[in-house]
Amino acid sequence: MTKRIERTRQKRESQERERLPGGRDLPTVELRTQRRGLHPWVFRRMLGGPYRELEPGALVRAVGRDGRYVGTGFYNGNSEIALRLLTDNPNESIDEAWFEKKIGAALALRRDVLRLEDVTDAYRVAHSEGDGLSGLVVDRFANTLVVELFSAGMHRHLAWVRQALLAHFPDAQIVVRADKRSERHEGIALDGGPAPDAEKTLAIRESNVRFHVDLRHGHKTGFFLDQRENRARVAELARGPLGKRVFDGFCYTGGFGICAKKGGAAYVESVDLDEKAIDGAKRNAKLNGLERDESMQFVHGNVFDVLRAHRSARRSFSLMVLDPAKLAVSRAETEKAMSAYADMQRLGMQCLEPGGVLVACSCTGLVSEEQFLECLRAAASEARAELQIFHVGGAAADHPFVARVPEGRYLKAVFARVLPLP
């Protein structure tokens, strides 16, 4: 009798918890351990279960071991990040209206605070955890919105995302993308595919420069918006009475090099191993009226080999940008990435004239700013150079990160003069 009464009491308490605000009628998942901090990710090992009845991306309420409400978010038992919390407010429901409100708040930063639409028609509308939308990235390119999905939850509730975006951009076309790595991690095909009538390419404006964007095949969402502010700084540095000789390594579609040339560089050499990227860079040069400019050169080749050839021939530059793709996707790969960063930066320093400027970039989130600076110090020592760092930048301001999610600060851009040691 006592056991039956206890079971009845527990069932009644469970039902009462289900009727709490912040998740009425939602399934409940329970944390094994006490939640530490306010990070929105809860890893699989920290949850009870397994909750096999829940489909990937299901919206759930999370409670602690004591049954108290923790938050509401997306659950995916296939993923190492099994729970992505979207709110810890028990009075807040996650629905289409919630998404519309969050997108509106994200837009307020871009439009009202940063005033990006005064200088460009391309910017990041929503930046995952940085805007409280874990697993979702949205970039605006002119009248097109590219949605990139990183979680099963955002895929499952894509209709809400679409409607929220159309509430703020009623005339926009929407393209949906996801990378294969995210699909593997989430255990589900995330890519919703472009809309049937979506354009394949379009042109955007960034201050006085224009770029083509490949909506279907370009890296990430089609263009690296996160380097906007660093490109502008490079354009300023390229100016001078006679202009600077600029080397743009790992140029992709020519962003840094074209900005440098438009900024006043005397000569620009842009290098990439990807032949399609070089073709894209040439198209961007043409878009900016530079197709017949012989001082704007595009080289299909390995950056390391090209720099070694320049070093052997004693050819030097006054401004050098080295911006490789992500070099490590797991911690096991970071040591190799650090070695590659050191090699390329040493070569770059050896190909700069005395007092020349090096712009060293890393988008590898697993390599911290401190580690990257240490790598640069080691490279400078090997190159017998003094590295005078005058600016350390990151992603553009429309890529915000919140203090409780330090992983959001992934991009490092170090600007330094390279001075010879005696």
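The values are calculated or read from the model by the stated rules, or taken from the named source; none is laboratory data. From a predicted model like this one, the values you see are computed outputs, not experimental measurements. Here the Cβ positions follow ideal geometry from the backbone for every residue, glycine too, while neighbour counts run over all protein chains shown.
Listed values, structure above:
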| quantity | calculated |
| --- | --- |
| Test: residue 210 is over 18 Å from the mean Cα position of the chain (by Cα) and not in a loop (DSSP other than H, G, I, E, B) | yes |
| Among residues of the range 325-357, those that are loosely packed, with under 13 Cβ neighbours inside 10 Å and in a strand (DSSP E or B), counted | 2 |
| Residue match in the range 373-385 (condition: more than 30 Å from residue 119 (Cα to Cα), part of a loop (DSSP other than H, G, I, E, B), under 18 Å from the mean Cα position of the chain (by Cα) and not assigned by TED's automatic domain parsing to the domain that holds residue 124) | no |
| Of residues in the range 260-318 being among the aliphatic types (A, V, I, L, M) and free of Cβ contacts under 8 Å to residues at least 12 places away in the same chain, the one nearest to residue 344 (Cα to Cα) | 309 |
| Top-ranked residue in the range 160-174 [being without any contact (Cβ under 8 Å) to a residue 40 or more places away in the chain and part of a helix (DSSP H, G or I); ranked as farthest from the chain's Cα centre (by Cα)] | 166 |
| Options 362, 368: the member that is closer than 27 Å to residue 125 by Cα, surrounded by 15 or more Cβ atoms within 10 Å (Cβ to Cβ) and free of Cβ contacts under 8 Å to residues at least 40 places away in the same chain | 368 |
| In the range 117-154, residue farthest from residue 232 (Cα to Cα) [restricted to those that are hydrophobic (A, V, I, L, M, F, W, C) and surrounded by fewer than 21 Cβ atoms within 10 Å (Cβ to Cβ)] | 142 |
| Filter result for residue 31 (under 21 Å from residue 167 (Cβ atoms) and not assigned by TED's automatic domain parsing to the domain that holds residue 183) | no |
| Residue that is farther than 27 Å from residue 221 by Cβ, touching a strand residue (DSSP E or B) at 6+ places or on another chain (Cβ under 7 Å) and among the hydrophobic types (A, V, I, L, M, F, W, C), where the choices are 285, 265 | 265 |
| Residues within the range 166-190 that are more than 21 Å from residue 104 (Cβ to Cβ), among the aliphatic types (A, V, I, L, M) and out of contact with any Pro (no Cβ under 6 Å at 6 or more places or on another chain), tallied | 3 |
| Filtered residue count, the range 245-271, keeping only those that are charged (D, E, K, R), in contact with a Gly (Cβ under 8 Å, 6 or more places away or on another chain) and surrounded by fewer than 24 Cβ atoms within 10 Å (Cβ to Cβ) | 1 |
| Qualifying residue in the range 402-411 (condition: more than 30 Å from residue 133 (Cβ to Cβ) and touching a Phe, Trp or Tyr at 6+ places or on another chain (Cβ under 7 Å)) | no |
| Among (1) acidic (Asp, Glu); (2) part of a helix (DSSP H, G or I); (3) touching a residue at least 60 places away in the same chain (Cβ under 8 Å) - the single one residue 236 does not satisfy | (3) |
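Residues are listed down the side, and each one gets a yes or a no for (1) modelled with pLDDT of 95 or more; (2) in contact with a strand residue (DSSP E or B) (Cβ under 6 Å, 6 or more places away or on another chain):
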site: 290; (1), (2): yes, yes
site: 323; (1), (2): yes, yes
site: 338; (1), (2): no, no
site: 343; (1), (2): yes, no
